[in-house]
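> Sharing a structure, written as structure tokens. Questions coming.
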Amino acid sequence: MKPNSILGLSHGFLIEHLQSKGLDFPKHISVIAVCPDAEAHSVRRDYVHGQKINGAGINSSIAVHQDIDGRSTDVALGWSVAIGSAFTFATTM
């Protein structure tokens, strides 16, 4: 990935796996997670439903693993809104 890129994850399993192997992401990228609290088909179904009744999407958790330029939290929040999350909760990875 190019320097200053943001890698977005939809769950924290990759981070856990890397850390169990003593590895981590490159230091020149930011790493965030936006984790809907449902399976993919439910996320899409509730997104479409939410468009009809103004905000009935799946709740999501967001986390920032690595933030190299201060944009990561804003990007994670924007991603959560873009997938139609009715509520977004901050957590850790």
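The values are calculated or read from the model by the stated rules, or taken from the named source; none is laboratory data. Just so it is clear, the model here is predicted, and its values are computed rather than measured. For neighbour counting, all protein chains shown are included, and Cβ atoms are generated from backbone atoms with ideal geometry for every residue, glycine included. For accessibility, only protein heavy atoms count, side chains too; no ligands or nucleic acids. Shrake-Rupley method; radii C 1.70, N 1.55, O 1.52, S 1.80 Å.
> Quick one: if you stick a label point 7 Å off each Cα along the C-beta vector at THR73 and ARG44, how many nm between them?
Those two pseudo-labels are separated by 3.3 nm.
> Then there's this: So what is the relative contact order of the chain, in percent, for Cα pairs below 8 Å that sit 6 or more residues apart?
Relative contact order, the chain: 30 percent.
> Report P(r) for the chain: all Cα-Cα distances, bin width 5 Å, range 0 to the bin holding the largest distance, values in whole percent.
Bins of 5 Å from zero give 3, 15, 23, 21, 16, 12, 7, 3, 1, 0 percent of pairs.
> While we're looking at this one, here's another question. Measuring with a 1.4 Å probe in the full set of protein chains, what accessible area per residue, in whole Å², belongs to the chain?
63
> Carbon-plus-sulfur fraction of the accessible area of the chain, 1.4 Å probe, in percent?
The value for the chain is 56 percent carbon and sulfur by accessible area.
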